[in-house]
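These notes concern the structure reproduced below.
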Amino acid sequence: MSERVAVRKTYKLFIGGKFPRSESGRSYPVQNTNVSLASRKDVRDAVQAARAAVAGWSGATAYNRGQVLYRVAEMLEGRRDQFVGLGVPTVEVDEAIDRWVWYAGWADKIAQVYGNANPVAGPYFNLSAPEPTGVVGVVAPAEPALLGLVSVVAPTIVTGNTVVVLVAETAPLPAVTLAEVLATSDLPGGVVNLLTGRPAETAPWLAGHMDVNALDLTGVTDPGFAAELERAAAGNLKRVLRPPAGPVDWYADPGLGRMTAFLETKTVWHPKGI
Amino acid sequence: MFEYAPAPESRAVVELKPSYGLFIDGEFVDPLDGGSFTSINPATEEVLSEVAEAGPDDVDRAVRAARRAYAEVWGPMPGRDRAKYLFRIARIIQERSRELAVLESLDNGKPIRESRDVDLPLVAAHFFYHAGWADKLAYAGLGPNPRPLGVAGQVIPWNFPLLMLAWKIAPALATGNTVVLKPAETTPLTALRFAEICQQADLPPGVVNIVTGAGKTGQAVVEHPDVDKVAFTGSTEVGRQIARAVAGTRKKLTLELGGKAANIVFEDAPLDQAVEGIINGIFFNQGHVCCAGSRLLVQESVYDEVLAALKRRMARLRVGDPLDKNTDVGAINSAAQLARIRELSEAGTAEGAERWSPPCDLPDRGFWFAPTIFTGVSQSHRIAREEIFGPVLSVLTFRTPAEAVEKANNTPYGLSAGIWTEKGSRILWLADRLRAGVVWANTFNRFDPTSPFGGYKESGYGREGGRHGLEAYLDV
């Protein structure tokens with residue numbers, strides 16, 4: 001009897017909860033697989049999907065968002081072998097799962113440690129609370145392929161932002177597999193949009209897009225390119241998280257910085273009186 | 001008129017054993033001296049199960065198990081791993097929520113609508129919320145190196161059996177403590193079911209220990225020398241005894257005690273909503289609520305209107321079978337509590353207040369009390385001063401905001417208060433002046449794991465829930 005011929009997976013983009021090919025019809029080979037090569041038009045489609053998802057996702061209760069992120073961890077746990085099969089080390093897969101759990105817990109706590117009552121000198125109620133910035137464009141780090149990606153996506157969406165992620169050119173397969181996890185985790189379509197291809201080509205369009213509110217440049221390794229993107233981002237005063245100054249320990253306690261980078265603070269005043 | 005058609009929830013989802021042991025060190029064990037008592041359904045007086053009564057030696061065994069688990073397993077365990085156990089527990093509660101809700105209604109007498117839609121969702125949410133804190137304690141703003149206390153001895157009441165368990169166990173475990181918990185003697189069954197959930201979650205043995213019994217068992221827990229933390233929810237009188245018992249020790253104590261909340265309705269309030277809030281404030285859970293809005297303060301100008309609407313609404317309350325999904329007011333939890341409600345209500349009449357209840361058919365068996373209001377109540381009446389812990393509302397009036405503040409604060413209690421007005425600035429002005437730990441404006445009886453709950457004055461000290469609630473279980 002002949003050996004069974006395997007059914008191969010088509011690696012596609014993840015936009016608005018669906019898996020389209022690049023509208024450009026282009027692809028590039030990675031690990032003997034053809035991966036979609038996203039275009040400027042795909043960036044625009046992804047931003048549109050991300051924008052459409054903002055109202056629902058940021059309007060969901062923090063408790064609900066926390067449960068959805070925890071569900072991502074549950075689904076990822078069940079697909080460990082797929083990531084290991086793509087060459088992601090077991091320890092990295094474990095940490096990526098735990099990273100989702102860590103951020104899931106932050107959903108209903110970040111306002112409690114990053115917001116507060118202000119004792120203004122007058123008869124006023126005065127309360128500051130964080131709100132999500134909106135649509136965040138992310139250039140994901142190439143290494144570690146899974147943990148790096150999770151570490152930039154989870155803190156951004158847990159607070160109610162939606163993201164358009166440009167996956168590193170060299171590490172698309174774990175990203176697309178992660179998209180399949182997200183698609184089965186009760187995460188509303190459009191909250192996370194993943195574009196494979198060449199960030200060198202697509203990032204300028206994302207950085208200059210007037211309906212994107214913030215830009216995370218963590219995955220940009222060329223300082224000149226990062227500066228160019230930051231200048232483009234200034235067009236509508238995007239909040240910019242610059243690339244890390246040195247090597248990052250992705251296994252360390254991530255702290256609050258990746259959440260607070262994409263939060264606005266809203267302060268409400270109200271008089272007190274009979 | 002149509003005939004009333006009940007919509008009973010099936011109790012087939014609950015399987016009860018004829019008897020239950022104590023849950024110590026991960027296993028159900030017989031008590032050393034073999035004592036037991038029964039837990040009954042207060043709506044029918046049928047016996048549900050026989051439950052072991054823990055004596056001092058059993059409590060000692062439980063504390064030793066908790067100490068060992070604290071020293072060897074739970075204390076040293078990284079927060080992120082503790083978190084995973086708590087997330088598991090939260091998920092299992094969500095998965096088994098109907099079974100737990102029905103059992104809660106059977107053992108407690110509360111309407112299934114409340115156990116299903118209020119108690120159980122809050123129980124799961126409380127574990128989920130605290131699970132997330134387990135590896136984030138350094139971010140809680142309580143100090144750079146918050147440490148667990150050790151073994152927590154916890155004693156909880158019968159009004160929200162599983163919810164009070166969650167309020168005790170979730171923060172204790174998240175912060176790295178182990179627990180010995182004593183549920184109330186009239187409502188031990190969901191706590192024992194929770195013990196099974198701990199087993200299902202593979203929680204390490206000894207982290208949670210449940211010792212059933214009455215006041216003496218609770219006393220043994222509180223007074224055990226190897227307990228580092230005591231948490232109690234219940235009456236102010238017992239709270240005082242516990243405060244005396246731990247005086248001079250190193251035990252950290254938090255108390256969530258009685259209340260006599262003012263629910264203050266101003267003339268500009270949305271009156272239909274206010275009436276719903278008054279009803280919810282006093283008749284939710286048969287008034288077995290420490291933060292119940294048991295003193296209604298109505299501005300004189302709208303008194304007649306509010307009272308007429310309140311009586312109309314009360315006549316629509318359905319009192320009866322807790323498992324009927326239409327039921328608004330279930331059974332009083334015990335014969336003893338019913339006697340107390342009757343005694344205070346009789347005192348109300350004797351002291352000159354006017355009593356009113358809507359026409360209301362009560363079942364022949366079980367413990368029942370019709371929704372009741374007293375008008376013409378003065379501040380010196382017992383029914384205006386003492387916690388009745390039943391479906392009995394005392395109505396008082398006021399003319400000015402200052403008088404409302406005066407009357408609202410004229411109580412040794414300070415757990416909660418309600419404000420009904422369209423004017424935001426007045427809400428905030430009044431909230432500043434109310435000596436109460438929780439103030440609800442244009443709503444009442446809202447609870448959330450993220451929101452700290454607890455009292456001023458003789459309603460106790462310490463907070464449960466939110467960032468602040470963690471402090472009760474931490475050495476900061």
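We did not get these values from a lab; they are worked out from the coordinates using the rules stated. Keep in mind the model is a prediction, meaning the values are calculated, not measured. Note that we place each Cβ from the backbone using ideal geometry, even for glycine, and neighbour counts take in every protein chain shown.
Brief remarks follow.
- Cα-based reach from B:Lys229 at 18 Å (exclusive), listing aspartates and glutamates while leaving out same-chain residues under 8 positions away: B:Asp60, B:Glu256, B:Glu464, B:Glu471, B:Asp475
- Folded to 0 to 90 degrees: helix B:79-95 orientation relative to chain B principal axis, Cα: 50
- Antiparallel DSSP beta bridges within the protein assembly as shown, as percent of all bridges there, nearest 5: 40
- Computed FRET value (nearest 0.05) for B:Glu300 with A:Val91, which takes r as the C-beta separation and R₀ as 60 Å: 0.25
- The distance between label points at A:Val120 and A:Lys266 comes to 1.6 nm (points 7 Å beyond Cα on the Cα→Cβ vector).
- Unsatisfied cross-links (Cα-Cα over 19 Å) in the set A:Lys18/A:Lys41; B:Lys182/B:Lys251; A:Lys109/B:Lys84; B:Lys136/B:Lys251; A:Lys109/B:Lys136: B:Lys136/B:Lys251
- Exposed-site-free run, longest, chain A (rule: trypsin sites (Lys or Arg not before Pro); DSSP loop; at most 13 other C-beta within 10 Å): A:10-274
- Residue order, fewest to most surrounding Cβ atoms within 10 angstrom, among B:Glu267, B:Glu300, B:Glu458: B:Glu300, B:Glu267, B:Glu458
- Per-pair calculated FRET efficiency, R0 = 30 Å: A:Thr170 and A:Ala227 via Cβ, rounded to 0.05: 0.85
- Dividing the helix sum by the residues of chain B, where each DSSP H run of 4 or more adds -39500 (n - 2.57), gives a mean residue ellipticity at 222 nm of -11000 deg cm²/dmol.
- Residues of the range B:186-225 with an amide N closer than 15 Å to a point placed 7 Å from the Cα of B:Glu237 along the Cα-to-Cβ direction: B:215-216.
- Antiparallel bridges, percent of DSSP beta bridges restricted to the range A:27-271 (to nearest 5): 50
- Trypsin sites (Lys or Arg not before Pro) within the range B:364-411: DSSP coil, no more than 15 neighbouring Cβ in 10 Å: B:Arg365, B:Arg399
- As a calculated quantity, the FRET efficiency between B:Arg11 and B:Lys311 at R0 = 45 Å, using C-beta atoms, amounts to about 0.85.
- Where labels lie 7 Å past Cα in the beta-carbon direction, separation of B:Arg147 and A:Glu180 in nm: 4.9
- DSSP-assigned coil residues among trypsin sites (Lys or Arg not before Pro) in the range B:1-105, each with at most 16 further Cβ atoms within 10 Å: B:Arg11
- Footprinting exposure proxy for A:Trp100, B:Trp158 (fewest neighbouring C-beta atoms within 10 Å first): B:Trp158, A:Trp100
- Cα gyration tensor, the range B:1-138 - rounded (a/c under 1.5), prolate or oblate: oblate
- For B:Gly418, nonlocal amide neighbours, meaning residues 5 or more places apart or on other chains whose placed amide H falls under 5 Å from its own, are B:Ala262, B:Asn263, B:Ile264, B:Trp440.
- Axis angle, to the nearest 10 degrees, between helix A:223-233 and the longest C-alpha principal axis of chain A: 60 degrees.
- Shape box of chain B [Cα atoms, principal axes, largest first, Å]: 65, 51, 37
- Order of A:Met75, B:Met1, B:Met164 - criterion: other Cβ atoms within 10 Å of each residue's Cβ, fewest first: B:Met1, A:Met75, B:Met164
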